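Here's the structure we're looking at; comments come further down.
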Amino acid sequence: MSKAFTIMGAFAACVCYAMPAAAADHTIGALFPLSGPNAVYGDVFMAGSDLAVEHINADHMLSGPMSIAYEDSQGLPQPAVVGMTKLVNVTGVPYTLSAFTGVSKAISTLAMRNSVIAVNGGGVGPDLADLGEYFWNVIPLANLEVRAAVPYLVESLGLKKIALIYVDDPLGQALKDELETEMPKAGGELVDSFSVPTSAQQFSGVAAQVRATGADAVYVASYGNQQLQIVKQLRDNGVDAQIATYSGYAVPDALALPESEGMIITGQSVDFSSEDPVTKRFVDEFKAKYDRDPTAYNVNYYNATLLYGILAAALEADGTAITGEALLAKRRATKSFDLVGGTVSFQDNGTLLFPIEVKQIKGGRAEAVTSVSFN
Amino acid sequence: MLAIQLAITGLQTGALYALTAVGFSLIFGSTRIFHFAHGATFVIAAYLFYWVYGTGWGLVPGVLAATLGAVFFGLVLDRLVYVPIQRHEGSFFTVFVASFGVGIAVQNVIGMIFGRGFTSVSTPLSRSAEIIPGVYVSPLAWIAMLCTALLLGGLHFFLRRTHTGAALRALADDPELVRTFGLNPRRIAATAFVVGSALVVPAAIITSATTGLNPTIGHHVMLISLAATIVGGIGSIPGTMLAGLLLGLAESLALLVVDSQWTEAVTFAILFAFIVIRPSGLLGRVVAH
């Protein structure tokens, strides 16, 4: 009896020791593709968010330790809704990270209904700007990327006829709509567009169709492994036209693909050589931790996570409970935030505005050729 | 010109479909095991080739490693998973679920080892050259078609002209009768796994250079194999081969009339049409129950 009592007493002591009375644990959610053909993005996103958590905890920004509850969205709406339901109803997070246009649109209604903040740092579909006050974007959306790419392709490179290969989902459709609007404005023509299902892996036939259009350039609007397969198969099947795409291509696997050489890609402009302390700390410690240069996706999810740290710390200082409503109110009350890339402000629709860089892939790296600012 | 180009592309695709589907059909036809992990065999062969060839060992060691890996996986799966299940209760559904589970496990293990992203074998053989104005064909397309013709011709010879081939055909017809002739059905089934698994190797290697690889590619392989087996006629090797070619051609030529997003639907429309109009498949035998 006394032995059992001693064991139970020791167990109770351990539990009490592990739970300091004053500190509150902070858990936010994240819906990232951790399996399936888009899993490569999950690793990239987590690299940024995990580093931000390390920094927040190391700096004791919050009263208790912060952690992220990751759920596997597979980059698909249906598993994402299941994951979001769990995060909202079981884990009880006030703030969650989201990625991919289809996923973000699917979970936005749950975010709105439950007053949970959802922050997107990876999806670029233009309609992500209109998903309600609880849905924020820390990434410039693809309409801006197309508006930067088209004048460069048409006016600077003289590529007036563009063919489009787009994935048949909200992102692909949005990019198609944007190209149809922007091409005539720049004096070019969208000669043809070819939709592909999200699961397709064989594109030699599409390459033959693209060749038959006689286009000067091909715009690829896909993501994950599929976009790499499209680029490789275009080149393998005799398409020599300039290939252009959006920021979804800025992942290490894609940049390293030999067929990517010379491609034009767009993406948010981040000055990694900046001396501002937040950017410098991020760049130095990212390189030390992962032994590679950071990309815009790493920045976005670092920023999205750090944003929670800043807002939650401010709410704790005010003595306010950390809820989705309180986080939204605090963001609206805060004029600007010091994040990686500089001091930034949210637009009224909850989207951060960044300049867009047009880049060319050379030797496995994306080198900036021009930058376009939008106001 | 576009039609000719799409026909050639379709033949290349169809040749690879035929190889993978015939392997599945041989295993299923002989053993009645729904070897869903056939897609995993494809993935293992492709990644082994990618790894060995990519580390500079060269083509022949790469092909050998892929073949050994595929055959070993097929045999081990038969011995350690299918045989014990069949010994205890032998439910078709249990075998299918076990095979499905192994397929998912292999996909994840490959993802852990090689990463979940896109990889491909870089070779100038995948680059197309213009053979007539507007028509591009890569050396790998010719290799794919030649490999398919040789291997399936060899398989036909093996099944028709050798004792082991005859035993395989007999196993498909009546396993009990095979036993009365003093043959071991388990050993013959193992032969089916060896040959069926080895047949995916050329397709896996060529795919690693043309379409590229990711750990989930096995699902598509399995889907096409299943469709070709049904369209060709379950148990009919020539039928499955023809169905593989037909599906590849249809998928490619469909681009002349529909958007590329509907090409997969064309495959399954053909499958559905065969199920409704000719359930025994292209060259399958009608069985009365």
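Is it fair to say residue B:183 is under 21 Å from residue B:79 (Cα atoms), touching a helix residue (DSSP H, G or I) at 6+ places or on another chain (Cβ under 6 Å) and modelled with pLDDT under 90? Explain how you work it out, then say what you get.
Details: under 21 Å from residue B:79 (Cα atoms): yes; touching a helix residue (DSSP H, G or I) at 6+ places or on another chain (Cβ under 6 Å): yes; modelled with pLDDT under 90: yes.
Yes: the conditions hold for residue B:183.
Among the residues in the stretch A:206-216, are any over 19 Å from residue B:255 (Cα atoms) and not assigned by TED's automatic domain parsing to the domain that holds residue A:39? Break it down stepwise before answering.
The initial filter retains those residues of the stretch A:206-216 that are over 19 Å from residue B:255 (Cα atoms), namely A:216.
So of that shortlist, the ones also not assigned by TED's automatic domain parsing to the domain that holds residue A:39 come out as A:216.
Looking through the stretch A:206-216, at least one residue is over 19 Å from residue B:255 (Cα atoms) and not assigned by TED's automatic domain parsing to the domain that holds residue A:39.
Determine which member of the set B:194, B:221, B:200 is in contact (Cβ under 8 Å) with a residue 60 or more places away in the chain, surrounded by fewer than 23 Cβ atoms within 10 Å (Cβ to Cβ) and part of a helix (DSSP H, G or I).
Selected residue: B:194, the only one of B:194, B:221, B:200 that is in contact (Cβ under 8 Å) with a residue 60 or more places away in the chain, surrounded by fewer than 23 Cβ atoms within 10 Å (Cβ to Cβ) and part of a helix (DSSP H, G or I).
Just to confirm my filter: which helices (runs of 4 or more DSSP H) fall fully inside the stretch A:129-244 and include at least 1 residues that are at positive phi? Spell out how you get there, then give the answer.
On the way: elements: A:142-151, A:170-186, A:204-213, A:224-236.
So the answer is A:224-236.
Please give the number of the condition residue A:149 fails out of (1) surrounded by fewer than 24 Cβ atoms within 10 Å (Cβ to Cβ); (2) outside the structural domain of residue A:71 (by TED's automatic domain parsing).
It fails just one condition, (1).
All but one of (1) under 21 Å from residue B:248 (Cα atoms); (2) within 14 Å of chain A (Cβ to nearest Cβ) hold for residue B:124; which doesn't?
(1)
Taking the stretch A:333-375 on its own, how many of its residues are in contact with an Asp or Glu (Cβ under 7 Å, 6 or more places away or on another chain) and among the β-branched types (Val, Ile, Thr)?
The total comes to 2.
Out of the residues in the stretch B:33-56 meeting the condition of being among the hydroxyl-bearing types (Ser, Thr, Tyr) and assigned to a helix (DSSP H, G or I), tell me which one is farthest from the chain's Cα centre (by Cα).
In this case the residue turns out to be B:53.
Based on what the data block shows, is residue B:66 buried (at least 24 other Cβ atoms within 10 Å of the Cβ), of a type in the set (A, V, I, L, M, F, W, C) and either touching a Ser or Thr at 6+ places or on another chain (Cβ under 7 Å) or farther than 30 Å from residue B:173 by Cα (or both)?
yes
Could you tell me whether any residue of the stretch B:130-140 is within 14 Å of another protein chain (Cβ to nearest Cβ) and under 19 Å from the mean Cα position of the chain (by Cα)?
Among the residues of the stretch B:130-140, at least one is within 14 Å of another protein chain (Cβ to nearest Cβ) and under 19 Å from the mean Cα position of the chain (by Cα), which makes the answer yes.
Among B:280, B:252, B:208, which is the only one that is buried (at least 24 other Cβ atoms within 10 Å of the Cβ) and either within 11 Å of another protein chain (Cβ to nearest Cβ) or in a loop (DSSP other than H, G, I, E, B) (or both)?
None of the others qualify; the one that does is B:252.
Given the condition at pLDDT 90 or above, farther than 22 Å from residue A:57 by Cβ, surrounded by fewer than 18 Cβ atoms within 10 Å (Cβ to Cβ) and touching a Lys or Arg at 6+ places or on another chain (Cβ under 8 Å), answer yes or no: does some residue in the stretch A:350-367 qualify?
So far as the stretch A:350-367 goes, yes, one or more of its residues are at pLDDT 90 or above, farther than 22 Å from residue A:57 by Cβ, surrounded by fewer than 18 Cβ atoms within 10 Å (Cβ to Cβ) and touching a Lys or Arg at 6+ places or on another chain (Cβ under 8 Å).
Can you pull out the residues in the stretch B:126-144 that are surrounded by fewer than 16 Cβ atoms within 10 Å (Cβ to Cβ) and hydrophobic (A, V, I, L, M, F, W, C)?
Those that are surrounded by fewer than 16 Cβ atoms within 10 Å (Cβ to Cβ) and hydrophobic (A, V, I, L, M, F, W, C): B:129, B:131, B:132, B:142.
Specify the residue that is farthest from the other protein chains (Cβ to nearest Cβ); the eligible residues are those in the stretch A:172-197 that are touching an Asp or Glu at 6+ places or on another chain (Cβ under 8 Å) and surrounded by fewer than 19 Cβ atoms within 10 Å (Cβ to Cβ).
Top of the filtered list is A:187.
For the stretch B:224-249, how many residues meet the condition of being surrounded by fewer than 24 Cβ atoms within 10 Å (Cβ to Cβ) and part of a loop (DSSP other than H, G, I, E, B)?
3
Under the condition of being modelled with pLDDT under 90 and of a type outside the set (Ser, Thr, Tyr), which residue from the stretch B:1-32 is nearest to the chain's Cα centre (by Cα)?
B:29
Assess whether residue A:157 counts as being of a type in the set (A, V, I, L, M) and buried (at least 20 other Cβ atoms within 10 Å of the Cβ).
Spelling it out, it is not the case that residue A:157 is of a type in the set (A, V, I, L, M) and buried (at least 20 other Cβ atoms within 10 Å of the Cβ).
Residues of the stretch A:233-262 being surrounded by fewer than 23 Cβ atoms within 10 Å (Cβ to Cβ), away from every other protein chain (no Cβ under 11 Å) and hydrophobic (A, V, I, L, M, F, W, C), which ones?
A:241, A:250, A:255 - these are the residues of the stretch A:233-262 that are surrounded by fewer than 23 Cβ atoms within 10 Å (Cβ to Cβ), away from every other protein chain (no Cβ under 11 Å) and hydrophobic (A, V, I, L, M, F, W, C).
Working only within the stretch B:255-277, note down all residues that are touching a strand residue (DSSP E or B) at 6+ places or on another chain (Cβ under 7 Å) and either more than 14 Å from chain A (Cβ to nearest Cβ) or crowded, with 20+ Cβ neighbours inside 10 Å (or both).
If the condition is that a residue be touching a strand residue (DSSP E or B) at 6+ places or on another chain (Cβ under 7 Å) and either more than 14 Å from chain A (Cβ to nearest Cβ) or crowded, with 20+ Cβ neighbours inside 10 Å (or both), then B:260 is the only one that fits.
Name the single residue, out of those in the stretch B:102-121 being among the small types (Gly, Ala, Ser) and either within 10 Å of chain A (Cβ to nearest Cβ) or closer than 22 Å to residue A:248 by Cβ (or both), that is surrounded by the fewest Cβ atoms within 10 Å (Cβ to Cβ).
Checked the stretch B:102-121; the qualifying residue surrounded by the fewest Cβ atoms within 10 Å (Cβ to Cβ) is B:115.
Among the residues of the stretch B:143-163, are any within 14 Å of another protein chain (Cβ to nearest Cβ), of a type outside the set (Ser, Thr, Tyr) and touching a strand residue (DSSP E or B) at 6+ places or on another chain (Cβ under 7 Å)?
no
Applying the selection to the stretch A:342-352, what residues are under 18 Å from residue A:278 (Cα atoms) and assigned to a loop (DSSP other than H, G, I, E, B)?
A:345 - this is the single residue of the stretch A:342-352 that is under 18 Å from residue A:278 (Cα atoms) and assigned to a loop (DSSP other than H, G, I, E, B).
So in the stretch B:84-136, with the set limited to residues that are among the aliphatic types (A, V, I, L, M) and not in a helix (DSSP H, G or I), which one is nearest to residue B:38 (Cα to Cα)?
This residue is B:121.
The values are calculated or read from the model by the stated rules, or taken from the named source; none is laboratory data. If you're wondering where the values come from, they're calculated on a predicted model, not measured in any experiment. Here Cβ is always computed from backbone atoms with ideal geometry, including for glycine, and neighbour counts include all displayed protein chains.
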